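The values are calculated or read from the model by the stated rules, or taken from the named source; none is laboratory data. Note that the coordinates shown come from a computational prediction; the quantities given were computed from them, not determined experimentally. Note: ideal-geometry Cβ built from the backbone for every residue, glycine included; neighbour counts use all protein chains shown.
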Amino acid sequence: MLVTGQPMGKPYRPKDHYFRKAKQAGLRARSAFKIEEIARRFALVKRGDRVLDLGAAPGGFLQVLSEMVGPEGLAIGVDLAPIQPLGKRQVRTAVLDVLAADFLGQLSKLHPGELDAVVSDLAPKTTGIRSTDEARSLELARRALTVARAKGRPGSSFVAKLFMGGDFEDFREEVRGAFEEVKVVRPRATRGGSFEVYVVGRGLRRR
């Protein structure tokens, strides 16, 4: 995640089923199962693709995405926190602030070309004030959408996590304006009581 904090909702048990399953599989985070489910369900990523992972630390999403794109593809992970190397040639990482004014320029130094998918697991540090947390989550999701529009190739895909809230429908309409197909998904690995969902866009419209 870009910035960390407990997901909104009920307290969770850190060592639940998916935590143990992730440890057994050598995955860095239980959240890896979320992107695996979404990507496979909607056929978002294939071998040879170029994929961007926003809020990538500690690297759980990157582990899954790098396997999906294979050695001939590219999986780029950015976060405010350093990401420990995965030891795969198809993975590039950088410490970047997605909200910075020069983010797109910095991203182009990592990969100047277009992307086949932009995935965001960005989340704000929660305050416990639901309206504030929802607003911050929405800001990050909108920033991810801006990146997807700027860097995605026509027909590319988009996945963004955000907290359900009063402006959620507005954001979904924004995604519908950019993509041919839009779905809202709550992966099985989502903790009970969490308000987070993932908005999935397929088929980026031509700019």
| task | Kindly indicate which of A117, A75, A94, A123 is of a type in the set (A, V, I, L, M, F, W, C) and out of contact with any strand residue (DSSP E or B) (no Cβ under 6 Å at 6 or more places or on another chain). | result | A123
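Right, E134: out of contact with any His (no Cβ under 6 Å at 6 or more places or on another chain), within 29 Å of P112 (Cα to Cα) and of a type outside the set (K, R) or not?
The answer is no for E134.
Okay, residues lined up against (1) surrounded by fewer than 18 Cβ atoms within 10 Å (Cβ to Cβ); (2) aromatic (F, W, Y); (3) over 14 Å from the mean Cα position of the chain (by Cα):
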{"position": "R153", "(1), (2), (3)": "yes, no, yes"}
{"position": "V159", "(1), (2), (3)": "no, no, no"}
{"position": "V185", "(1), (2), (3)": "yes, no, no"}
{"position": "A189", "(1), (2), (3)": "no, no, yes"}
| query | What number of residues in the range 22-48 are at negative phi, surrounded by fewer than 13 Cβ atoms within 10 Å (Cβ to Cβ) and modelled with pLDDT of 85 or more? | reply | 3
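Among G203, G192, which is touching a residue at least 24 places away in the same chain (Cβ under 8 Å), in contact with a Phe, Trp or Tyr (Cβ under 9 Å, 6 or more places away or on another chain) and at negative phi? If you could, list the steps in order and put the result at the bottom.
On the way: G203 fails: at negative phi.
Of the residues listed, the single one that is touching a residue at least 24 places away in the same chain (Cβ under 8 Å), in contact with a Phe, Trp or Tyr (Cβ under 9 Å, 6 or more places away or on another chain) and at negative phi is G192.
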| Name the strands (runs of 3 or more DSSP E) wholly within the range 35-111 that hold at least 3 residues that are touching a residue at least 24 places away in the same chain (Cβ under 8 Å)? | 50-54, 74-79
| field | Subset tally (residues that are touching a residue at least 24 places away in the same chain (Cβ under 8 Å), part of a loop (DSSP other than H, G, I, E, B) and either aliphatic (A, V, I, L, M) or crowded, with 21+ Cβ neighbours inside 10 Å (or both)) for the range 112-134 | value | 4
| Quick check, is R202 within 16 Å of the chain's Cα centre (by Cα) and at pLDDT below 95? | no
| query | Counting only residues that are farther than 12 Å from V197 by Cα and of a type outside the set (V, I, T), which one in the range 123-133 is nearest to the chain's Cα centre (by Cα)? | reply | P124
